[in-house]
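Below you'll find the structure, written out as structure tokens, and then a few comments.
The values are calculated or read from the model by the stated rules, or taken from the named source; none is laboratory data. Not measured: the values here are computed from a predicted model. No Cβ is skipped: glycine too gets one built from the backbone with ideal geometry, and neighbour counts run over all protein chains shown. Heads up: the accessible areas ignore ligands, DNA and RNA and are worked out on the full protein's heavy atoms, side chains in. Shrake-Rupley method; radii C 1.70, N 1.55, O 1.52, S 1.80 Å.
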Amino acid sequence: MSDTETKSFLRPGKIITLVLLAALVYLAALVIWVPAGWLWQQASARVALPKQVQVQQVSGRLWDGAAGLVVAGYPARLDWRLGWPSLSGLSLPIAVSLASSESLVEGNVTIGWPARAEVNARGRLAVAEFEDLIRRSGGAMIEGDVTVDRLHLVWADNRVSRAEGIGRWAGGQVSWPMGGQTGQAQFPPMQANLDTTQGGVALTVSEQGGDGPAADASVLWNGMMELRVYKRMVDLAGQPWSDSASPGDVVFRVRQPLLPGAG
């Protein structure tokens with residue numbers, strides 16, 4: 001009888017497999033158990049946030065956590081929960097919600113490789129919560145809430161490459177600055193549609209079931225913004241205007257840089 005060749009238990013292939021399994025277990029433990037606050041402390045110096053956004057507190061874990069924010073002076077809470085990554089699609093889904101004292105936006109963010117992100121969200125905005133900000137900017141104030149039925153954004157090539165959405169307002173009183181006075185009017189239910197244009201994104205405001213836009217705004221990739229108000233908006237506000245003008249005529253137009261130095 002010939003002696004059976006003794007095989008080593010720790011062959012090179014098995015060693016490599018065990019090392020890979022140990023690395024995967026270690027990475028999984030990091031994702032599940034590492035404190036999100038500790039991670040933010042390590043990364044905050046390398047993350048460039050807009051000046052209007054401040055992170056005050058981070059809690060929970062990387063897999064499921066929350067952050068206290070201040071956005072343009074308004075306190076808010078961001079909650080997130082990571083889904084299972086897709087190796088075939090090189091993407092990571094994240095369920096998120098952003099809540100202020102009276103408003104809530106929630107949905108899903110999918111982060112892809114390389115440098116791509118996709119957002120699908122819905123929510124409700126309590127306009128009265130932001131009255132001070134609206135008044136300071138000289139905008140019109142509406143009563144009630146704005147419902148965001150759908151918001152779809154895609155970030156690629158270092159810009160928003162796609163923007164689609166729809167929002168609704170049930171109607172009511174609208175007030176706006178008018179010289180040294182305040183104008184007021186009762187408006188019907190309105191809706192806003194967000195879409196992608198060749199040079200940027202466009203927001204169109206119209207009466208629900210109406211025949212055309214009451215106002216629209218375009219934000220171009222070069223940072224310029226153009227706002228147009230149609231006579232249809234003047235009619236909705238019950239303001240006097242020339243009888244020779246049709247509802248689709250532009251009665252007010254402004255074009256200005258949204259960011260300093262744009263043009």
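Express in whole angstrom the spacing between the alpha-carbon centres of the range 59-95 and the range 96-150. Computed from Cα coordinates, the inter-centre distance equals 16 Å. In the chain, helical runs assigned H by DSSP with n ≥ 4 each contribute -39500 (n - 2.57); averaged across all residues and rounded to the nearest 500, the mean residue ellipticity at 222 nm is -5000 deg cm²/dmol. Amide H contacts of Ser103 (H built 1.01 Å from N, in plane; Pro and chain starts excluded): Ala126 sit under 5 Å, all sequence-distant by 5 or more or on other chains. Ligands, DNA and RNA excluded, the heavy atoms of Thr196 present near 50 Å² of accessible surface to a 1.4 Å solvent probe. Net charge in the neighbourhood of Val71 (other residues with Cβ under 13 Å of its Cβ; Lys, Arg +1, Asp, Glu -1) is +1.
Taking all Cα pairs closer than 8 Å and separated by 6 or more residues, the relative contact order of the chain comes to 7 percent.
Looking at the range 48-147 from every direction and averaging, what is the projected area of its Cα convex hull in nm²? Walk me through the numbers on the way to the answer.
Numbers: hull surface 30.6 nm².
Average of the hull's projected areas for the range 48-147 equals 7.7 nm².
How much FRET efficiency would the formula 1/(1 + (r/R0)^6) give for Trp84 and Gln173, where r is the Cβ-Cβ distance and R0 is 35 Å, rounded to 0.05?
On the way: r = 48 Å, r/R0 = 1.36.
The formula returns an efficiency of 0.15 here.
By accessible area, using a 1.4 Å probe on protein heavy atoms only, the chain has 59% of its surface on carbon and sulfur. Summarising the amide proton neighbourhood of Gly171: residues at separation of 5 or more, or on other chains, whose placed amide H is nearer than 5 Å comprise Met190.
With a 1.4 Å probe and all protein chains left in place, how much accessible area per residue does the chain have, in Å²? Mind showing how you got there, number by number?
Details: 17450 Å² over 263 residues.
The answer is 66 Å² per residue.
In units of the compact-protein estimate 2.2 N^0.38 Å, the chain shows a Cα radius of gyration of 1.43.
Helix 12-33: angle to the longest alpha-carbon principal axis of the chain, degrees 0 to 90, nearest 10? That helix lies at roughly 40 degrees to the long axis.
Cβ under 15 Å from Phe130's Cβ, Phe130 left aside: what net charge do those residues give with Lys, Arg +1 and Asp, Glu -1? All intermediate terms of the calculation are to be shown ahead of the outcome.
On the way: positive: Arg124, Arg135, Arg136; negative: Glu102, Glu129, Glu131, Asp132, Glu143, Asp145.
Summing Lys and Arg as +1 and Asp and Glu as -1 gives -3.
Between Leu104 and Gln256, the contour length at 0.36 nm per residue exceeds the alpha carbon distance by 51.7 nm.
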